[in-house]
Structures are given as C-alpha cells and as structure tokens.
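The structure appears right after this line, and notes come after that.
The values are calculated or read from the model by the stated rules, or taken from the named source; none is laboratory data. On a predicted model such as this, the values are computed, not experimentally measured, just so you know. Virtual Cβ from ideal backbone geometry, glycine too; neighbours counted across all protein chains shown.
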C-alpha cells in the first residue's frame, strides 16, 4: 500500500524546496466539472505559519490535459513569487537515503538519489504581487499521466522585492527557484545565493 506523501525538513543544508509539514497533507476533495475527468480542490497555506499566505487551488485532470489554478492572498506587495508543480509518482519511494524516513517525502527527495529522485518538479508560473497582496497563478500541462495514489504539490516560492534596476536578476526571480544547490547556474546563480524559499503549499492526492 502506498503511503501518503508528507513533508519534513531533514536539515541536510539544502534550502527547502518543499515547505515542512508536521503531518501528511489532507486528501483533496473531488468535485464536478463538465470539462474535467477529475477535479481536485485543496487549500493553500504556509505550514510554518510564518508567511500568513492563504488561499485555494484546483487541479483539473482531463484525459491528457491538466490545469492548475491557485488563488493566494496576504502576499508581500512588490515581491516576486514563483509556483512549482511537483509530481510524486510513488510516495513510498521517498526517504530512502541516510537521514531520510522511508515513505516520507521531503526537500531532499527532489535530488536524492541523484540518478533518479522520486520527486519531479518544474516551473508553473511567476509574477509580482500587486498592492493588495493577492495573486492568481495558473499552469497548463499536456500529456502527463497521473498514477493512482500519486501526489501533486504546488509550491510557492518568494524571491524578495522584485528588482527594478536589474532585468537579468528579475528574470532569475521569476523564472528560476534561485537555489544553486538544485543545479547551478540554471536553477540558481551562485552569485545570488539561496534567494528563493518556500512560503505556501497546496497538496493533491490523486485518487
């Protein structure tokens, strides 16, 4: 039987790509929609209870087409944010490394084992929060296949005040996680340091 994915901080010196959970994420509730074979709904929150970000998210799976919509509020006006789509095909494969807990997915599962980590992630969207501190992020993914019992995380990163003087740095804020340990320089320029950090999460368990 597959275990539900949960998040934890392993203290490996790698800035967390996934915000730490103290318990497994709640099962997303199914809903009805004419254009979705499966419609899942989840809350958006910061398990650390530090950022104050709240909101809601939906994952619509329609044959070979998946879309995500995420609404969030209480963001820092003028700060850059990105969202990341993370797919965990089999959460039972997480945590099989020194210091890990088998079946418990954490930040290190995005890079360990290096030959084939269980967490696969990619950029979903990026934007600068407006004066009201609200944001709507969307993502569209074609030809992905979701296994029964798999998990999807939508991770929101904050990147600090959006640069108004350096367009190259702004591009890094909106297009990369800004975490060199994940793979420099493509996923983070060493000159920037570990700028990106997780501030909110939505979790979907695929039925």
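Looking only at residues of the range 184-207 that are free of Cβ contacts under 8 Å to residues at least 12 places away in the same chain and surrounded by 13 or more Cβ atoms within 10 Å (Cβ to Cβ), we find that the one that is nearest to residue 61 (Cα to Cα) is 187.
Could we say that residue 160 is closer than 28 Å to residue 71 by Cβ and either surrounded by fewer than 22 Cβ atoms within 10 Å (Cβ to Cβ) or at pLDDT below 95 (or both) here? It would help to see each step written out before you state the result.
Details: closer than 28 Å to residue 71 by Cβ: yes; either surrounded by fewer than 22 Cβ atoms within 10 Å (Cβ to Cβ) or at pLDDT below 95 (or both): yes.
So residue 160 fits the description; yes.
Only residues that are at pLDDT below 50, closer than 15 Å to residue 151 by Cβ and under 16 Å from the mean Cα position of the chain (by Cα) were counted in the range 19-55, giving 5.
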